Amino acid sequence: MFSVSNMPSTTSVLSTYTTFAASAMLVKTVLNEVQNLTNQLIPQQLREKILTKLGDLMGNSSSQMTLVIDENNGLSINEMFEASEIYLRTKISPSVLRLKVSKAPHDKTFSITINKGEKIIDTFEDIEVIWQMICTETQKTTSDYDGYLNSEKVERRSIELSFHKKYKEKVLSTYLPCVLEMSKTIKEEDKVLKLQPLGHYENVNLDHPSTFDTLAMDPTLKKELMDDLDRFIKRRKFYKRVGKAWKRGYLLHGPPGTGKSSLIAAMANYLKFDIYDLELTSLQSNSELKRLLVSTANRSILVIEDIDCSSNFQNREAGGYDQGDSQLTLSGLLNFIDGLWSCCGDERIIVFTTNHKDRLDPALLRPGRMDMHIHMSYCTPSGFKILACNYLGLTDHSLFTEIEKLITEVEVTPAEVAEELMKSEEADVAVKGLVKYLHMKKTEHVKADTEGEKEVRAEDKESEEVKVEAETKGRKTNKRKARRGRSRR
């Protein structure tokens with residue numbers, strides 16, 4: 001039982017408090033001295049590392065922040081993931097134990113990336129950051145046209161970036177933009193152009209040697225196209241200011257063999273843009289088209305070859321516009337080229353090719369969709385000179401005048417001329433062979449014209465005979481009617 005007699009005296013309480021306060025002051029003084037000594041002997045960066053490690057050992061991870069960078073951002077590619085992967089190739093140290101190494105047939109160097117689970121420590125302005133590659137596999141179930149379910153493994157990749165949370169603003173505002181710029185520089189220096197069928201993960205190196213210098217193309221048109229491309233890639237701010245998506249559309253039209261595919265390769269080599277090849281006949285719906293188109297990277301060329309043959313799109317002005325059996329529609333394609341979906345990406349070029357421009361729906365051809373129409377014509381004298389220089393190293397020859405005259409008289413494609421020039425390594429033999437070939441083409445052309453004239457004359461004669469026969473028949477009919485009339489009277 002508590003009693004007043006058991007209570008400590010006021011003197012003893014004061015004495016105990018005084019002793020405790022003196023001890024606390026002594027401890028505080030000692031701790032301050034230790035802290036001052038620590039600050040003098042141990043650099044701040046090392047102190048922070050020690051405190052971070054101690055915090056981790058004690059289960060206190062609240063001081064760390066982690067940014068997750070997924071490989072894909074919805075339907076489109078995450079630019080930050082691609083930049084991080086390129087940047088980390090320059091930061092691989094001997095402490096990294098597992099790396100992924102690959103090399104395409106025509107690559108100059110190996111492509112090295114960190115493997116899943118591996119970490120890389122980087123330092124930026126006295127800030128330590130930790131990068132880690134994360135890979136997870138999930139099962140994806142899809143159904144085919146017959147309703148059967150198919151299951152496949154899908155790998156999802158992401159990169160995690162960890163650092164002390166007090167550096168969040170600096171990492172976001174300075175470090176990550178620096179990573180983007182450095183990766184862009186590295187990518188441009190080491191870039192190997194890619195050709196990728198849209199909808200497939202596999203791609204191949206674009207080793208097509210075509211350039212604007214080697215194209216057998218009208219020099220004036222060639223310069224006009226190059227100037228247009230140069231103007232396009234320099235006008236990021238202009239497109240933003242006027243409220244247009246940063247893209248450009250080109251229609252290449254002309255007979256087969258006039259160099260449409262070679263021109264696309266020359267554009268890619270000139271701009272250092274990858275090429276995506278889209279086969280419309282493999283698509284089933286507008287949603288599938290959007291998914292594929294949005295997945296294309298910036299600074300790329302999207303190619304749809306033989307647009308007049310690759311789909312069932314009909315000319316709406318011809319009537320009977322029926323989209324019955326297919327959910328892939330012309331309006332769906334137009335919406336990506338010039339509609340709201342056209343803003344999903346920057347610095348993109350869209351190229352259509354066709355052998356028959358007149359078969360295309362006018363909606364595809366207007367400015368804003370196909371901004372520049374380029375007619376790839378039959379070979380011209382200037383085009384022949386470029387081919388002769390490319391294939392034979394010739395800038396002049398005694399037969400050049402005759403060849404140039406023949407080329408203006410017959411329709412011959414650059415592909416046909418190039419084939420003849422390749423038939424012999426001896427320049428004289430190849431040039432004479434080309435002259436012989438052009439004379440043969442001219443003879444065939446004259447013969448075809450003669451036969452055409454005969455057919456026209458035959459058709460005119462037949463038409464005249466039919467006309468005379470009809471008139472004779474008409475006169476006989478009129479005479480019969482007249483005789484009947486007189487007999488009735």
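Can you send over the solvent-accessible area of Val429, 1.4 Å probe, protein chains only, in Å² to the nearest 10?
The accessible area of Val429 comes to roughly 70 Å².
Pull out the extension gain between Asp371 and Leu97, defined as 0.36 nm times the separation in residues minus the alpha carbon to alpha carbon distance; nm, one decimal.
Working: separation 274, 0.36 × 274 = 98.64 nm, distance 5.18 nm.
Roughly 93.5 nm would be gained on extension.
May I ask you to derive the FRET efficiency for Thr136 and Ala415 from their Cβ-Cβ distance with R0 = 35 Å, giving the value to the nearest 0.05? Walk me through the numbers on the way to the answer.
Values: r = 50 Å, r/R0 = 1.42.
Approximately 0.10, to the nearest 0.05.
Let me check I've understood the local charge: for Ala430, count other residues with C-beta under 12 angstrom from its C-beta, Lys and Arg +1, Asp and Glu -1. What total comes out? Before the final figure, lay out the partial values.
Working: positive: Lys423, Lys432, Lys436; negative: Glu419, Glu420, Glu425, Glu426, Asp428.
Around Ala430, the surrounding residues sum to -2.
Of the cross-linked pairs Lys385/Lys405; Lys103/Lys187; Lys116/Lys153; Lys170/Lys244; Lys222/Lys357, which ones have a Cα-Cα span greater than 23 Å in the structure shown? Intermediate values should be presented prior to the final figure.
Details: Lys385/Lys405 13 Å; Lys103/Lys187 16 Å; Lys116/Lys153 17 Å; Lys170/Lys244 33 Å; Lys222/Lys357 20 Å.
Flagged as over cut-off: Lys170/Lys244.
Can you work out the FRET efficiency for the pair Glu444 and Thr123, with r the C-beta to C-beta distance and R0 = 45 Å, to the nearest 0.05?
Numbers: r = 74 Å, r/R0 = 1.65.
FRET efficiency, Glu444 to Thr123: 0.05.
Quick check: with the 1.4 Å probe, what order do Tyr167, Tyr270 take by accessible area, largest first? Don't jump to the answer; show the numbers that get you there.
Numbers: Tyr167 45, Tyr270 85 Å².
My answer, sorted largest first, is Tyr270, Tyr167.
For region 325-375, treating each Cα as an identical point scatterer without solvent, what Debye log10 I(q)/I(0) comes out at q = 0.24, 0.25 1/Å?
-1.07, -1.13
Within 10 Å of each candidate Cβ there may be at most 13 other Cβ atoms; applying that plus a DSSP loop requirement, which trypsin sites (Lys or Arg not before Pro) in region 198-242 survive?
On the way: sites: Lys222, Lys223, Arg231, Lys234, Arg235, Arg236, Lys237, Lys240, Arg241; in loops: Lys234, Arg235.
Passing both the DSSP loop test and the Cβ count: Lys234.
Take Asp428, project a point 7 Å from its Cα along the Cβ direction, then tell me which residues of region 378-404 have their backbone nitrogen under 16 Å from it.
394, 396-400, by backbone N distance to the label point.
Can you list residues from other chains, or at least 5 along the same chain, whose modelled amide H is less than 5 Å from the amide H of Phe124?
Val129
The values are calculated or read from the model by the stated rules, or taken from the named source; none is laboratory data. Everything numeric here is computed off the predicted structure, so don't read it as measured data. So basically every Cβ, Gly included, is an ideal-geometry build from the backbone, and we count neighbours across all protein chains shown. Side chains included, ligands, DNA and RNA excluded: accessible areas come from the protein's heavy atoms. Shrake-Rupley method; radii C 1.70, N 1.55, O 1.52, S 1.80 Å.
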